[in-house]
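Step one of this worksheet: look at the structure below.
Derivation of every value follows stated rules applied to the coordinates shown; laboratory data play no part. As the structure is a prediction and not an experimental result, all values here were calculated from the model. Ideal geometry is used to build each Cβ from the backbone, glycine not excepted, and the neighbour counts take in all protein chains shown.
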Amino acid sequence: MQTLAVQVQDDYVQSFMNYVNNHSENITISKDKNLEFDPYFYDRQKELHQIKSDIDNGKIQMIENDDFWDDMDNFVETLQK
């Protein structure tokens, strides 16, 4: 069995569901909770995995927490002047 992501036009959903119901012995429909909350979940997940890989491989450097907050404090000070 294969899993596919299918996008259906709003005005075609009922026709699509009728087709699925008529062929229910070969098709199973389930909602992906990840996509319900965030339609770009898998794109974002792939991007985050790539960022982690780039950090692990040394392609990009992650800033230390203290350095980040020092930079933020300096930035806020410049805004308040």
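Before moving on, here are some points about what is shown:
- Sites Lys52 and Thr3, calculated FRET efficiency, Cβ-Cβ separation with R0 25 Å, nearest 0.05: 0.50
- Rounded to whole Hz, the Karplus (6.51, -1.76, 1.60) HN-Hα couplings of region 21-27, x for glycine and proline: 4, 6, 10, 5, 6, 10, 10
- Radius ratio Rg over Rh of the chain, counting only Cα atoms, Kirkwood formula for Rh: 1.30
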